[in-house]
Each structure stands twice: as C-alpha cells, then as structure tokens.
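Each value in this text was obtained by applying a stated rule to the coordinates, not by laboratory testing. Since this is a predicted model, take the numbers as computed values, not measurements. With ideal geometry, Cβ positions are generated from the backbone for all residues, glycine too; neighbour counts draw on all protein chains shown.
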C-alpha cells in the first residue's frame, strides 16, 4: 500500500502521481491509496472481498458528521485473479487497486492509518499511516 496524490489502474498496472508521502496538510487535499495485492496460484478464480478503513491513532474508525448522521470512511470492493497466459504454471498474479478521495477534513497534528482487510483479515503490509501537520501560525509584519 502506498499513499499518493492520485492513482489509477489501467492495463493491469498502477499509475501513481505524487506517491510515497506520509505527511500532509494541515489543509484538506485530495489523496489516494494505491494497493497491489499478490494472489498465489492456489487462489485463482476465488472471489475475494476487500475493505479499506480510515482509523485514528488509537485504532478507532474516523467519524465525520454528515446530513445523514455520523459516518466513517470505508470503501469496499471485490476481486478475483486468473492464471495469466504464456507464463509458467504457479506464477502469482498482482491485482492493482486504486482508491481516490476528495479532500478529507482531518484533525491537525494527528496520526491516521488506512487499514485494508481482505476476506475479513488484515494481512501483512495492509496498513499505511500518515500524519497531518499542525495548523500554520501567521505572523503579521
């Protein structure tokens, strides 16, 4: 998993713009989570469900007030991988996933983590954390 300014999937590859940061803000800005899931050959043609959650430093879901009430930031999807043509039997497959977000109003000077779960489990490497900068102080001259 990698934090980026923007990401997309095309032709089975991740295209990442402004990737690899771990500090943002303090103002809300668009962002993306770029994900590469490795699928072993014994998992080919098996449907998998993934979920992506934003958590605070205590591991609690980040909540925002909306007209519909308090909401968390969660994204869900499904994937399945198949054996590629013309490669040795048993070759694993990478499944790219790109999740883009508009500006998210996060607290200043705080730590957050995106947690990805696949089929209900958090796998190794399925966390990526970042920090928001404290508010800027403007000094009048």
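With respect to residue 4, is the statement that it is free of Cβ contacts under 8 Å to residues at least 60 places away in the same chain, over 19 Å from residue 117 (Cα atoms) and surrounded by 14 or more Cβ atoms within 10 Å (Cβ to Cβ) true?
yes
Since residue 127 meets every condition but one in (1) closer than 21 Å to residue 5 by Cβ; (2) touching a strand residue (DSSP E or B) at 6+ places or on another chain (Cβ under 6 Å); (3) surrounded by 15 or more Cβ atoms within 10 Å (Cβ to Cβ), which condition does it not meet?
Of (1) closer than 21 Å to residue 5 by Cβ; (2) touching a strand residue (DSSP E or B) at 6+ places or on another chain (Cβ under 6 Å); (3) surrounded by 15 or more Cβ atoms within 10 Å (Cβ to Cβ), only one is false for residue 127: (3).
Can you tell me which of 38, 69, 77 is without any contact (Cβ under 8 Å) to a residue 40 or more places away in the chain, loosely packed, with under 14 Cβ neighbours inside 10 Å and closer than 14 Å to residue 117 by Cα?
77
Test residue 90 against the stated conditions and say whether it is part of a loop (DSSP other than H, G, I, E, B) and closer than 18 Å to residue 42 by Cα.
yes
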